[in-house]
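The values are calculated or read from the model by the stated rules, or taken from the named source; none is laboratory data. Please read all numbers here as calculations on a predicted model, not as lab measurements. Neighbour counts are summed over all protein chains in view; Cβ atoms, including those assigned to glycine, are modelled from backbone coordinates with ideal geometry. Ligands, DNA and RNA are stripped out before the accessible areas are found, and what is left, the full protein with its side chains, is counted by its heavy atoms. Shrake-Rupley method; radii C 1.70, N 1.55, O 1.52, S 1.80 Å.
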Amino acid sequence: MKRFFKPIEKEGSTAAKKPCLSPEKRDGDRDGVEEEEKNQKEPSKFVTWNANSFLLRVKNDWSQFSKFITDFDPDVIAVQEVRMPAAGGKGKPKNPEELSDDTKVLREEKQILTRALSSPPFGNYRVWWSLADSKYAGTALLMKKCFKPKKVYFNLDKLASKHEPDGRVILAEFETFRLLNTYSPNNGWKDEENSFQRRRKWDKRIVEFLNKTSDKPLIWCGDLNVSHEEIDVSHPEFFATAKLNGYVPPNKEDCGQPGFTPSERVRFGATMKEGRLVDAYRYLHKEQDMESGFSWSGNPIGKYRGKRMRIDYFLVSEQLKDRIVSCKMHGRGIELEGFYGSDHCPVTLELSKPSSETEQNHVSN
């Protein structure tokens, strides 16, 4: 049977690689394209998206998302909530870097994802996976093949062989900066479920990571599961007083909607200060935008209808803030226009390129 999709190349493959081209340049002057590729050594256009099951998005909303990617032409796509299990099982060690194909169903699902990511425009990207043992959480990083990170890690401790539990981290290191893609754990509703402690531990480890990696600027993106200020939620009073079946946490600092509790917001602000990070979206957009100023939207049915939060971010080191060209959320309205089936919409970041080699060296120092 004729194959219509080219498999994703594995690391170390000697197969010919497609050039890193913008759509409008694919049929243009090759000499000009080669010169641009030579000059652009590191990515500058990024997308982050909590897909809320990558497989479901491929099955149901892929043409719309593919058009979005074609139009924006990002260098890097960071995905959270992949929700595909890691390879291994039945006595075999788990491999969080590979999609599972241990059953007929999983083999079919892996084939669907592989085909989707081998077809335009995604065939021009290399993929890194960090997956949980079950269909839970997980992250992915898609990067144009013309960009070569020095190293890719899967945990906050920068140990190449160790993956963060639930596949929550992918860290790519480049010559002049690091890119961190995380699916931060939800704070949860009840202390008795240990969710509060889990989030506190995560936040502490993030600060430790920032302190250990301050030698280079950082771009931190993903679903960070927190709305920092009142301007970052559509209904501050609703989220501040939200309860789960009447349960009230013993500490006031843990009351309210997970992601908008006083303790989370204070820690998030302290983390940004400690890491000298700038919220790229808020840096450009000072006012609240009720139509397209939020990245997560509640279920269209029930009390969360029309209630929205901004919990997906690009945080960049202060050294990079003057290079922020744009940072946008690409969903709007309570009808989830531009969410492509997820309850999160994609967020994009575009940086200007360093104006000179001298400036690039200065940033890295």
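A few comments on the model shown:
- Test result for Lys92, more than 30 Å from Glu208 (Cα to Cα), open to solvent by 70 Å² or more (accessible area, probe 1.4 Å) and not small (Gly, Ala, Ser): yes
- Hey, Lys158 within 18 Å of Cys221 (Cα to Cα) and open to solvent by 30 Å² or more (accessible area, probe 1.4 Å) or not: yes
- Test: residue in region 56-75 that is charged (D, E, K, R), part of a helix (DSSP H, G or I) and open to solvent by less than 30 Å² (accessible area, probe 1.4 Å): yes
- For region 141-155, a residue qualifies if it is aliphatic (A, V, I, L, M) and either open to solvent by 10 Å² or more (accessible area, probe 1.4 Å) or more than 20 Å from Ile206 (Cβ to Cβ) (or both), and the qualifying residues are Leu142, Met143, Val152.
- Residue list for region 260-279, filter: closer than 13 Å to Arg199 by Cβ and hydrophobic (A, V, I, L, M, F, W, C): Phe260, Val266, Phe268
- Residue list for region 315-365, filter: open to solvent by 30 Å² or more (accessible area, probe 1.4 Å), at pLDDT 95 or above, closer than 17 Å to Pro43 by Cα and more than 17 Å from the chain's Cα centre (by Cα): Gln319, Lys321, Asp322, Val325, Ser352
- Flag: Lys41 does not match the condition of being closer than 15 Å to Val127 by Cβ, part of a loop (DSSP other than H, G, I, E, B), open to solvent by 90 Å² or more (accessible area, probe 1.4 Å) and modelled with pLDDT under 90.
- Looking across region 260-288 at every residue that is acidic (Asp, Glu) and open to solvent by 60 Å² or more (accessible area, probe 1.4 Å), the one that is farthest from Tyr183 (Cα to Cα) is identified as Glu287.
- Subset of region 135-181 (residues that are under 25 Å from Arg323 (Cα atoms) and hydroxyl-bearing (Ser, Thr, Tyr)): Thr176
- Selection count, region 187-202, where residues are under 14 Å from Arg267 (Cα atoms) and open to solvent by 20 Å² or more (accessible area, probe 1.4 Å): 4
To keep it simple, each residue is scored yes or no on (1) under 22 Å from the mean Cα position of the chain (by Cα); (2) under 24 Å from Val169 (Cβ atoms); (3) open to solvent by less than 30 Å² (accessible area, probe 1.4 Å); (4) of a type in the set (Ser, Thr, Tyr).
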site: Thr103; (1), (2), (3), (4): no, no, no, yes
site: Arg115; (1), (2), (3), (4): yes, no, no, no
site: Trp128; (1), (2), (3), (4): yes, yes, yes, no
site: Ser134; (1), (2), (3), (4): yes, yes, no, yes
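- Tabulated pairs, region 212-224, first part of a loop (DSSP other than H, G, I, E, B) and open to solvent by less than 10 Å² (accessible area, probe 1.4 Å), second of a type in the set (Gly, Ala, Ser) and modelled with pLDDT under 95, C-beta under 8 angstrom, 6+ apart or interchain: Pro217/Ser364
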